[in-house]
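**Student:** Okay, here's the structure, questions in a sec.
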Amino acid sequence: MSDTPKYQRKIIHIDMDAFYASVEQRDNPELRGKPIAVGGSPEGRGGVVATASYEARKFGVRSAMPSKTALQLCPDLIFVYPRFSAYKEASKSIREIFRRHTELIEPLSLDEAYLDVTIDKQGIGSAIAIAEHIRAAIKAELNLTASAGVSVSKFVAKIASAMKKPDGLTFIAPSRVEAFMEELPVEKFFGVGRVTAEKMKKMGLHKGIDLKGLSEDELIRFFGKVGRFYYKIVRGIDDRVVEPYRETKSLGAEDTFAHDLITVAEMYAELDKIAQTVYDRLFRAKLAGRTITLKVKYHDFRQITRNKSFLAPVSDLNTIAATAKQLLLSSDVSDKKIRLLGITLSNFGDVVPKSRVRKNPDQLELF
């Protein structure tokens, strides 16, 4: 029997354009065409930007940027309190448009999702045409714009959706996937944060084709188990399926070090970097967790985990970093060489901790 699949997968990644800011500009004509930031503080006192309009992005304002920095870049920036009920309502309408074409929908957040349209409800057949139908419906019915990436895998479709933002569509044909991956900068690869990207570049690894020159064993030795993913994805191999109704159980980051860590100061410095990555991911996913877990792998490959749980969900950078350091000190790190450190949050509760809620439940400040 042939191993060739009957159907070649057709995956679409839809990513709304400056979603929160676009909803605010749609609902308030006075904000249209102006640089706005959802979240943060108009006085620049604390808070961070959740989403910036494209008018603000021209000045360098971006998500997760402190309000003070955003104001320095764009003195005319208009701060708008988030209205999560409005964003959730818009997201619900977007999902309904998706369901006209497929039930295989994997939401990543309120403003993006994967769709498997290998077999589509309307029998359109072309994934490109389906993506255009979806984008047109979102614009006509919701007065919002979306960008789309179309390919044969989740990874490539997601990268493609960002290539012609805003309001664009990019198709990466099956025959182009491997060449596309070879030219992709290493910082665009899944799991490659700032620290890992810097490590790769110091090793002379700048693009996918450079990673392709290493064996699977070498990639695993240098970067841990994610090296197995790098080995496959740079060759265009991504068999991950679109998972409907996926619920995020945990979110974290870890790093394997080129040289074993010996001093607590070194360990603290690396934990600060990892905590920043975890914080950024929580912020983008709009999640907060009650349990923080520290993972430690020693030079002899012995591995331990330590965790601490809180009564209320947490997501702020200081708590994540401080807790990880406390857990580290409670572990056996004296006279030990450490090869890997990781931080994970789990036991998710309220999307936004109650301590952030103002009197008006729709007026939330993101810290």
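The values are calculated or read from the model by the stated rules, or taken from the named source; none is laboratory data. These numbers come from a predicted model, not from an experiment. Glycine gets a Cβ as well: all are built from the backbone with ideal geometry, and neighbour counts include every protein chain shown.
**Student:** Inside the stretch 202-253, can you point out the residues that are touching a residue at least 24 places away in the same chain (Cβ under 8 Å), in contact with a Leu (Cβ under 8 Å, 6 or more places away or on another chain), part of a helix (DSSP H, G or I) and closer than 24 Å to residue 271 by Cα?
**Tutor:** The answer is 222, 230.
**Student:** Further question: Between 76, 111, which is more than 25 Å from residue 135 (Cβ to Cβ) and not polar (S, T, N, Q)?
**Tutor:** 76
**Student:** To continue, here is another question. Which one is farthest from the chain's Cα centre (by Cα) among residues in the stretch 58-91 that are of a type in the set (Val, Ile, Thr) and surrounded by fewer than 20 Cβ atoms within 10 Å (Cβ to Cβ)?
**Tutor:** Filtering the stretch 58-91 for residues of a type in the set (Val, Ile, Thr) gives 61, 69, 78, 80.
Within this subset, residues satisfying the condition of being surrounded by fewer than 20 Cβ atoms within 10 Å (Cβ to Cβ) are 69, 78.
Values: 69: 22, 78: 25 Å.
It comes out as 78.
**Student:** If you take the residues in the stretch 286-300 that are in contact with a Ser or Thr (Cβ under 6 Å, 6 or more places away or on another chain) and either hydroxyl-bearing (Ser, Thr, Tyr) or within 21 Å of residue 49 (Cα to Cα) (or both), which one is surrounded by the fewest Cβ atoms within 10 Å (Cβ to Cβ)?
**Tutor:** Applying the filter and picking the extreme gives 291.
**Student:** Kindly indicate the residue of the stretch 260-291 that is in contact (Cβ under 8 Å) with a residue 40 or more places away in the chain and among the charged types (D, E, K, R) and also nearest to residue 321 (Cα to Cα) among those meeting that condition.
**Tutor:** 272
**Student:** List every residue pair whose Cβ atoms sit under 7 Å apart, with the two residues 6 or more apart in sequence or on different chains, where the first one lies in the stretch 187-198 and is more than 15 Å from residue 274 (Cα to Cα) and the second, anywhere, is hydroxyl-bearing (Ser, Thr, Tyr) and in a helix (DSSP H, G or I).
**Tutor:** Listed pairs, sorted by first residue: 189/230.
**Student:** Here are some conditions: (1) surrounded by fewer than 19 Cβ atoms within 10 Å (Cβ to Cβ); (2) assigned to a loop (DSSP other than H, G, I, E, B). Residue 182 meets all but one. Which one does it not meet?
**Tutor:** (2)
**Student:** Being buried (at least 18 other Cβ atoms within 10 Å of the Cβ) and out of contact with any helix residue (DSSP H, G or I) (no Cβ under 8 Å at 6 or more places or on another chain) is the requirement here; does residue 131 meet it?
**Tutor:** It is true that residue 131 is buried (at least 18 other Cβ atoms within 10 Å of the Cβ) and out of contact with any helix residue (DSSP H, G or I) (no Cβ under 8 Å at 6 or more places or on another chain).
**Student:** So, residue 94, is that one among the β-branched types (Val, Ile, Thr) and within 23 Å of the chain's Cα centre (by Cα) or not? I'd like the intermediate steps shown before the answer.
**Tutor:** Working: among the β-branched types (Val, Ile, Thr): yes; within 23 Å of the chain's Cα centre (by Cα): yes.
Yes, satisfied.
**Student:** Contact list please: Cβ distance under 7 Å, first residue in the stretch 96-108 and among the aromatic types (Phe, Trp, Tyr), second residue buried (at least 20 other Cβ atoms within 10 Å of the Cβ), pairs at least six apart or on different chains.
**Tutor:** 98/105; 98/113; 98/115; 98/134
**Student:** Moving on to the next point. Can you pull out the residues in the stretch 315-362 that are small (Gly, Ala, Ser), at pLDDT 90 or above and under 17 Å from residue 260 (Cα atoms)?
**Tutor:** Once the filter is applied, which keeps residues that are small (Gly, Ala, Ser), at pLDDT 90 or above and under 17 Å from residue 260 (Cα atoms), the stretch 315-362 yields only 342.
**Student:** Could I ask something else about it? Could you please find all residues in the stretch 15-53 being of a type in the set (S, T, N, Q), at pLDDT 95 or above and either over 26 Å from the mean Cα position of the chain (by Cα) or farther than 19 Å from residue 110 by Cα (or both)? If you could, list the steps in order and put the result at the bottom.
**Tutor:** First, the residues of the stretch 15-53 that are of a type in the set (S, T, N, Q): 22, 25, 28, 41, 51, 53.
Restricting the remaining residues to those that are at pLDDT 95 or above gives 22, 25, 28, 53.
28, the sole residue that qualifies.
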